[in-house]
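I have placed the structure first, in the form of structure tokens, so that the comments after it can refer back to it.
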Amino acid sequence: MTSRAITLDDVARLAGVSYQTVSRVLNHSPQVSPRTRAKVEAAMQQLNYVPNRVAQQLAGKTTRTLGLATSDLALMAPAQIASAVQQRASRAGYHLVIAMRSHHSVADTVNELLAQRVDALMINLPLAASEAEQIQTLCGSKPVIFMDVEPEAKVAQCQYSNACGARAAVEHLVALGHRQIGLLNGPPQAISAQRREAAWREALAAHQLTPFCVLQGDWSAQSGYQALLRQLPDRLPQALLVANDQMALGAMRALHQHGVAIPAQISVTGYDDTAESAWYQPPLTTVRQDLHALGEQSVEMLLAQLDGRAPPTRSLEPELVLRETTAAPGGEALDLDALAQQLQQIARQLQNR
């Protein structure tokens with residue numbers, strides 16, 4: 001015989017409060033005193049009470065559930081963003097539902113979340129402006145934040161400037177003395193890949209340079225490895241700009257296998273500064289996007305919209321992180337004072353653009 005499910009009445013009886021008070025605690029109402037809230041939460045824990053979200057959905061109530069539509073979580077950057085989103089949502093008392101796009105359309109992925117009656121959505125999928133505006137219409141009145149979209153889209157956005165970060169990496173390599181600079185970019189349909197390549201080319205052109213080679217991957221380490229194998233052994237640039245850290249890892253493995261020393265024979269820069277990039281061998285010079293801050297701020301923007309408050313205005317700015325995969329041609333590393341001066345110069349150049 002199955003045991004009877006614990007109800008709000010059971011919790012109220014054990015806590016010595018009314019049914020309505022328990023409901024207010026579940027809905028995070030500010031009208032409940034801290035002492036009463038603690039009593040109710042202790043009763044829930046003692047009874048192992050689990051809120052029935054399905055019943056809340058059927059009753060048409062808010063579910064305190066956020067939805068995240070995301071690209072492949074096997075990739076480091078989307079996975080770290082999703083982790084930050086989950087942690088911030090949990091601290092705010094919200095449940096997170098994730099829909100990962102595979103072979104479905106973006107609309108199908110978003111519909112998976114809407115079918116679960118989420119209160120608001122985050123879209124971490126590459127979208128052109130028109131596509132994002134269609135998804136916004138699909139979501140109706142629900143708050144939506146887009147995290148990988150063309151900046152000119154008329155939708156709420158939370159993302160880093162791809163142009164600033166990409167330019168900083170080019171300026172660093174040029175300042176070191178590199179002139180033969182190759183590109184290893186992500187898939188052409190990805191908005192961030194398009195923006196990074198455009199910024200790379202613009203920054204190179206400002207120094208009367210063109211890409212030594214243009215390679216393409218799918219963001220995975222395997223694709224970076226395979227792309228470099230096609231250039232080895234005798235078609236390598238002096239330096240390589242890579243559109244994410246994971247492809248840089250694969251590229252570095254291919255170089256190691258063929259005995260190409262980094263940075264003595266080739267400099268490599270990544271993009272994202274995922275948690276593992278400082279532990280590559282050698283540690284990766286990369287453009288840092290604080291992925292934890294990106295995930296947290298996306299949730300905070302949604303919460304503000306749900307509460308009718310003005311969203312946070314903190315700007316998200318990428319920064320170049322110098323480690324050990326870049327040096328002057330021939331492996332002549334700069335001293336620390338020269339590196340500091342170079343960073344200051346790059347920062348001034350970017351501010352003046």
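Remarks
- Dipole magnitude for the chain: computed about the Cα centre from +1 point charges on Lys and Arg Cβ and -1 point charges on Asp and Glu Cβ, it is near 1120 debye.
- Rounded, prolate or oblate (a/c below 1.5 giving rounded, otherwise prolate when a/b exceeds b/c) for region 220-332 by Cα gyration tensor: prolate
- The chain shape via C-alpha gyration tensor axes, a/c threshold 1.5: prolate
- Karplus (6.51, -1.76, 1.60) ³J(HN,Hα), θ = phi - 60°, over region 230-239, in Hz, Gly and Pro reported as x: 6, 9, 6, x, 10, 10, 8, x, 6, 8
- Mean separation of Cα contacts under 8 Å, 6 or more apart, over the residue count of the chain: relative contact order %: 15
- Percent accessible area from carbon and sulfur atoms, region 162-289, protein chains only, probe 1.4 Å: 49
- In the chain, helices alone account for a calculated mean residue ellipticity at 222 nm of -13500 deg cm²/dmol, with every DSSP H run of four or more residues adding -39,500 (n - 2.57).
- Å² of accessible area per residue within the chain, as computed with a 1.4 Å probe and no ligands counted: 49
- For A120, the residues whose modelled amide H falls within less than 5 Å of its own, excluding neighbours fewer than 5 places apart on the same chain, are G67.
- Built amide H within the under 5 Å cut-off of A328, gap 5+: A333, L334
- In sequence order, region 199-211 has phi-based couplings of 5, 4, 5, 5, 5, 5, 4, 4, 10, 6, 10, 10, x Hz under the Karplus curve 6.51 cos²θ - 1.76 cosθ + 1.60, θ = phi - 60°, and Gly or Pro positions carry x.
- Amide H contacts under 5 Å for V149: L127, restricted to partners 5 or more places along the chain or on a different chain, H placed in the peptide plane at 1.01 Å from N.
- Gyration tensor (alpha-carbon) shape descriptor, region 162-289, a/c threshold 1.5: rounded
- Selected from S161, S141, P263, residue furthest toward positive end of dipole (the chain; charges at beta carbon): S141
- Length released on extending from E202 to Q216, taking residue separation times 0.36 nm less the Cα-Cα span: 3.2 nm
- Region 65-146, accessible surface, carbon-and-sulfur percent (1.4 angstrom probe): 49
- From largest to smallest, the equivalent ellipsoid semi-axes obtained for region 113-196 from the alpha-carbon gyration tensor read 34, 11, 10 Å.
The values are calculated or read from the model by the stated rules, or taken from the named source; none is laboratory data. All values reported here derive from a predicted model rather than from experimental measurement. Positions of Cβ are generated from backbone atoms using ideal geometry, with glycine treated the same way; all protein chains shown enter the neighbour counts. Side chains included, ligands, DNA and RNA excluded: accessible areas come from the protein's heavy atoms. Shrake-Rupley method; radii C 1.70, N 1.55, O 1.52, S 1.80 Å.
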